[in-house]
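Computed from the coordinates by the stated procedures, all read-outs in this text should not be read as laboratory data. For clarity, every value in this text was computed on a predicted model and none was experimentally measured. Cβ: placed from backbone, ideal geometry, glycine included. Neighbour counts: every protein chain shown.
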Amino acid sequence: MNEKFASVMRRGVLWAAVLMLVSLVMLARQLVEIYQAHVYRQSLAPHVLIQNTLLGANQTPQALFANAVFYDNQLKPEQALAQFAALISKVSEADPMRKQAYFNSGNIYMRTATRLLEQRGLPAWDEAGPLVALAKESYQKALRIDPDWSEAKYNYHLALRLSPTTHGMSGPQQYEDEQIKAEQEPSGWPAMPGNPRGMP
């Protein structure tokens, strides 16, 4: 009987130790998240760049978003886009920050393209054109997540009007469908009607 009781006690102590370890890990994780949130909140009031690297405080999705907005306000589009890209790689498809990051990235591309065209005129189109294409792609990605988002639709159509190559499209889905169709259609010799002549 004593042996049976000792065996039960050993198992009980083992399970208690496992539960204690799991709870300590969860507590440590929550403390890290609380610290990261504290660093994020501290930087919002004066709106400063979050540079604190302790426990990854500058790598949370919220901190990346705040830093991207900070860089955008400082007219540093490359850094802002890099922060948005890092945010997109960290969050899931369902996270609302992902669609907002795509939307804001599109806005940065459009503003940069517009600024180039306003400063240098049409000769700057070689630089501005690819930026408009990237803006359209960003808006499309935002619209795939939320097809009813009116601001993204509006900005997407502005980008379409600015870009002469795809003017008149009705929306991102039609643009995508036409791109896929163009890739699937044969070109060259297989596209010629009739039987091939002159070939062995």
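Descriptive notes on the structure:
- Take each peptide in 8-14, 64-70, count the other Cβ atoms within 10 Å of every residue, and average; sorted highest first, the result is 64-70, 8-14.
- Whether the stretch 69-134 is rounded, prolate or oblate, judged on the alpha carbon gyration tensor where a/c under 1.5 counts as rounded: prolate
- FRET efficiency, R115 to L49 (Cβ-Cβ, R0 25 Å, nearest 0.05): 0.65
- Among the listed pairs K76/K153; K76/K141; K99/K153, those with a Cα-Cα distance over 21 Å are K76/K153; K76/K141.
- Packing-based ranking of 19-26, 102-109, 150-157 yields 102-109, 150-157, 19-26, ordered from highest to lowest mean Cβ neighbour count within 10 Å.
- For the stretch 76-105 versus the stretch 108-127, the gap between their alpha-carbon centres in whole angstrom: 23 Å
- Phi to ³J(HN,Hα) by Karplus 6.51 cos²θ - 1.76 cosθ + 1.60 over the stretch 121-128, Hz, x for Gly, Pro: x, 4, x, 7, 5, 4, 8, 6
- Computed from backbone phi, the HN-Hα couplings of the stretch 64-77 come to 4, 5, 4, 5, 4, 5, 4, 5, 5, 5, 8, 6, 10, x Hz, rounded to whole numbers (Karplus: 6.51 cos²θ - 1.76 cosθ + 1.60, θ = phi - 60°; Gly and Pro given as x).
- Label-point separation in nm, A6 to Q74, each point 7 Å along Cα→Cβ: 6.7 nm
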